[in-house]
Amino acid sequence: MSEKWPTAITDIEPNRVAVRGYDIAELMGQVSFGSAVYLILMAELPSEPVGRLMDAILVSSIDHGATPPSVLAARTVASTGASLSQSVSGGLTCINRWHGGAIEDCARQLGQIIERAGGQRSRLDKAAAEVLAEMKSRGQRMSGFGHRVHTADPRTARLFELAQQAGAAGLHVEAARAVERAFDAMGKELPINVDGAIGAILGDLKFPYEVMNGVFMIARTPGLVAHVVEEQTRMKPMRKVIAGQHVYDGPPRRSMCSG
Ligand SMILES: CC(C)(COP(=O)(O)OP(=O)(O)OC[C@H]1O[C@@H](n2cnc3c(N)ncnc32)[C@H](O)[C@@H]1OP(=O)(O)O)[C@@H](O)C(=O)NCCC(=O)NCCS
């Protein structure tokens, strides 16, 4: 018999499923999806406020309209008559360094700033300014900053607020603020974008870097499924999917509080 290979994620035996040791039937109805995502990636259940923060991260990135490259790619693949899985995976392949994938890079870069500051809050501003100047001289960009559409991304502010409430905002979040201030001092208005906020928060939650972009992929998959299904049910096959040439005709703006 060949040697067995190890896995520490989910244990299955007849009539029993345990994720990271927790009975799945016990988790169901008790933990939110965000908490379950935290559990499967971090191998422990989060505290309740951190679970809420994870939910907010997943909600924040569920979709961003019809212009992101992942959506254009998924719709283009879908328009050829490809299957749902082919179309969605076409979109997922676009989640890289400049789209969604800024999360991991941003967290790594914030980590460098923290390291340069010797882990001291009071030195973050100086360290951020130095790192940015060095990156600029190498022609590199700071991931997680700047946005094509938003100057004050509503998702970023809300995520930082929830991170604060959960007691999860630490040096990475502070380093991100220091970067924003350093850009300001350079006369550049490059606010933290949603990827940057998620990178900073996941950094403070001690997620391994290599897992971080996966959180965005998990969050964005429902949005991609919706776009692919809409493409295949509302549009003609083989159409030209032109960026920005769309018109929104869904429900008007509404509030969860209005009844
Ligand atoms: C998101 C992004 C592509 C938007 O770009 P944009 O608004 O079209 O801005 P441009 O690419 O035209 O850049 C405008 C100026 O700002 C600078 N700039 C933009 N984003 C920058 C960043 N993250 N770091 C450093 N400089 C940046 C550019 O170098 C350029 O400077 P210049 O005028 O001196 O040449 C860009 O800000 C970026 O690359 N950000 C990093 C990647 C990222 O976070 N992606 C996730 C987006 S949610």
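The values are calculated or read from the model by the stated rules, or taken from the named source; none is laboratory data. Predicted, not measured: the structure shown is a model, and the values here were computed from it. For neighbour counting, all protein chains shown are included, and Cβ atoms are generated from backbone atoms with ideal geometry for every residue, glycine included. Quick note on the areas: whole protein, heavy atoms, side chains included, nothing else; ligands and nucleic acids left out. Shrake-Rupley method; radii C 1.70, N 1.55, O 1.52, S 1.80 Å.
Tell me, what % of the accessible area of the chain is carbon and sulfur with a 1.4 angstrom probe? That fraction is 55 percent.
Counting only protein chain heavy atoms and rolling a 1.4 Å probe, the accessible areas of 248, 209 rank, largest first, as 248, 209. Here's how it looks for residue 96: its modeled amide H is under 5 Å from those of 101, which are all 5 or more places away or on a different chain. For residue 136, the lysines whose Cα comes closer than 30 Å to its Cα, not counting residues fewer than 8 places off in the same chain, are 126, 188, 206. Using the Karplus relation 6.51 cos²θ - 1.76 cosθ + 1.60 with θ = phi - 60°, the per-residue 3J(HN,Hα) values for the range 158-168 come to 5, 5, 5, 5, 5, 5, 4, 4, 7, x, 9 Hz, with x marking Gly and Pro.
Taking every protein chain into account, the accessible area of the chain amounts to 58 square angstrom per residue (probe 1.4 Å).
Karplus-derived 3J(HN,Hα) values for the range 102-113, using 6.51 cos²θ - 1.76 cosθ + 1.60 with θ = phi - 60°, are 5, 4, 5, 4, 4, 4, 5, 5, 5, x, 5, 5 Hz; glycine and proline are entered as x. For residue 168, no residue whose modelled amide H falls within less than 5 Å of its own remains once neighbours fewer than 5 places apart on the same chain are excluded. Taking amide H positions as modeled 1.01 Å from N, with prolines and chain starts lacking one, the residues under 5 Å from residue 17 and 5 or more places away or on another chain are 24, 25. For the range 46-53, 3J(HN,Hα) computed residue by residue from phi via the Karplus equation (6.51, -1.76, 1.60; θ = phi - 60°) reads x, 5, 4, x, 5, x, 5, 5 Hz, glycine and proline entered as x.
With the alpha-carbon atoms of the chain aligned to their principal axes, the span from lowest to highest coordinate is 53, 52, 52 Å, starting with the largest. Only helices enter the 222 nm calculation for the chain: every DSSP H run of n ≥ 4 contributes -39,500 (n - 2.57), and dividing by all residues gives -17000 deg cm²/dmol, rounded to 500. The separation of the range 9-63 from the range 149-201, counted between C-alpha centres, amounts to 26 Å. Per-residue packing, averaged as other Cβ atoms within 10 Å, sorts the ranges 127-138, 84-95 into the order 84-95, 127-138, beginning with the highest.
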